[in-house]
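Structure first, commentary second.
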Amino acid sequence: NRERLSVCSKVCYAVGGAPYQITGCALGFFLQIYLLDVAQLDPFYASIILFVGRAWDAVTDPMVGFFISKTSWTRFGRLMPWIIFSTPFAVISYFLIWFVPDISSGQVMWYLVFYCIFQTLVTCFHVPYSALTMFISREQSERDSATAYRMTVEVLGTVLGTAIQGQIVGKAVAPCIESPLFIGKTNSSVAMEELNMTHDTGSLTDTRNAYMIAAGVIGGLYILCAVILSVGVREKRESSELRSDEPVSFFQGLKLVMNHGAYIKLIAGFLFTSLAFMLLEGNFALFCTYTLGFRNEFQNILLAIMLSATLTIPFWQWFLTRFGKKAAVYVGISSAIPFLIMVAVLDSNLIVTYIVAVAAGISVAAAFLLPWSMLPDVIDDFKLQHPDSHGHEAIFFSFYVFFTKFTSGVSLGISTLSLDFAGYQTRGCSQPEEVNFTLKMLVSAVPVGLILLGLLLFKLYPIDEEKRRKNKKALQDLR
């Protein structure tokens, strides 16, 4: 009587995870460069747009989770209508982020408004999509298998986002500027002015067009993935509900969720490990360019990380099935530690850097897969403790996404403040020694410390393999 999902259903479900990763990767790696060098905004206003956009993005997750919990079931389901109706508006707002309006004033508000609108609409897609895990099957093993498919496609989405945006706008990066430490300030100002004039007259229009072409390609992929998801996946109401279900208000449910010990311990552990990998991700380009001196190899090194992560997702799915999810956490996430130490201690070496990139990708795969594989176990444990409460799946997923985005904002703030304090030179050909030391800390020492702290917190996580089996049997009895 075991309920099995077809491979086609798992693939269609997995494809739905690509839009969030493709757009997020493109924005994460290229939006700051675009605002400064293409839209030519003042760095202060660019930082406001980035920080406010990230903060608003985090706030929208619990808001959308609240509205989803109040949504009634339709013939399409309760979650699928959110995915379908948000898609076209999200694509339009995403395209407008990469458009330079022909207005002398108000550009800051243009980018701030459309960036926040897009973050809201992509949240309306991603939160219900994440909660959909609980409505495709009632079998833990089937949900875990579908999650592995999803993580493979999502990591592949980061590769696509990097490759599409990087290849189309790869020539849009402005030449570096010699540091005033090595040439006179007057000459530096003249060089800056001449460089900006050449950039404006020669390639700025082509650069703007390249960004819009990339936005169009990514928007088309967003729509295609949403169509495949909505056509190939059926949302099953009976997969999540128990016989004794009674409706409970959102705020009562939120209180119950936040008092659930297993959920808080899982969130705390992944909060620190996620922050470690986000610090590494956010500063790896600068580290390769300035500290290691591989300015022309950054895209290839980043591609090595993403391809390694994509190819090792199936391995981690097998590992957690064979040895358990907690063991996969300890082995998978800690495997990056010796390589992070190696890249900071050893002299600049391209081969060593590629080895570190592949090893980091293996850990990134584990960090991608395990939270989404372990959250359904926490929800099942919650249902056993609160059998009369239902409809809170979106709260679990939305607040997990909220905390991960919060760590993203924290990592961005830490990096920006640290590099600014160290004397970072914008678009400089070289950086002071203090900046290189700071970058080593941000991609090595600090992530290692955060990973170790997160692994210590995972010792408190109570759901091991034996507990999972008991919960599965108890849920079958309740249904």
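A DSSP coil position with no more than 14 other Cβ atoms inside 10 Å describes the following chymotrypsin sites (Phe, Trp or Tyr not before Pro) in region 51-98: Trp73, Phe76. With semi-axes defined as the square roots of five times the eigenvalues of the C-alpha gyration tensor, the equivalent ellipsoid of region 265-408 measures 34, 16, 12 Å, largest first. Near Ile117, once Lys and Arg are set to +1 and Asp and Glu to -1 for all other residues with Cβ below 15 Å from its Cβ, the sum equals 0.
Using the Cα centre as the reference, give the magnitude of the dipole from point charges on the C-beta atoms of region 249-478 (Lys, Arg: +1; Asp, Glu: -1; all else neutral), rounded to the nearest 20 debye.
Numbers: 17 positive and 15 negative charges, 110 e Å.
Once rounded to the nearest 20, the dipole reads 540 debye.
Between the residues Pro387, Val352, Gly324, the greatest Cα displacement towards the positive end of the dipole of region 249-478, with unit charges on the Cβ of Lys, Arg, Asp and Glu, is found for Pro387. Sequentially through region 455-470, phi angles give Karplus couplings (6.51, -1.76, 1.60; θ = phi - 60°) of 5, 4, 5, 5, 4, 7, 5, x, 8, 9, 5, 5, 5, 4, 5, 5 Hz, Gly and Pro residues having no value and appearing as x.
Can you list which of the trypsin sites (Lys or Arg not before Pro) found in region 79-178 are DSSP loop residues with at most 15 other C-beta atoms within 10 Å?
Details: sites: Arg138, Arg143, Arg150, Lys171; in loops: Arg138.
Listed in order of number, the matching sites amount to none.
Derived scalar couplings between HN and Hα for region 58-67 equal 5, 5, 5, 5, x, 4, 5, x, 5, 5 Hz in order, rounded to whole Hz, by the Karplus curve 6.51 cos²θ - 1.76 cosθ + 1.60 (θ = phi - 60°), x for Gly and Pro. Computed packing ranks the peptides 118-131, 340-353, 264-277 as 118-131, 264-277, 340-353, most packed first, by mean other Cβ atoms within 10 Å.
Shown in residue order for region 70-85 are the 3J(HN,Hα) couplings computed by the Karplus curve 6.51 cos²θ - 1.76 cosθ + 1.60 at θ = phi - 60°: 8, 7, 7, 6, 10, 5, 8, x, 9, 9, 4, x, 4, 5, 5, 7 Hz (x for Gly and Pro).
Annotation for region 279-364: trypsin sites (Lys or Arg not before Pro) lying in DSSP loop with at most 13 further Cβ atoms inside 10 Å of their Cβ are Arg295. For the pair region 1-72 / region 308-362, the C-alpha centres are spaced 25 Å from each other.
Every number in this text was worked out from the coordinates using simple rules, so none of it is lab data. What you are looking at is a predicted structure, and each value in this text was computed from that prediction instead of being measured. Every residue, glycine among them, receives a Cβ derived from its backbone with ideal geometry; neighbour counts consider all protein chains shown.
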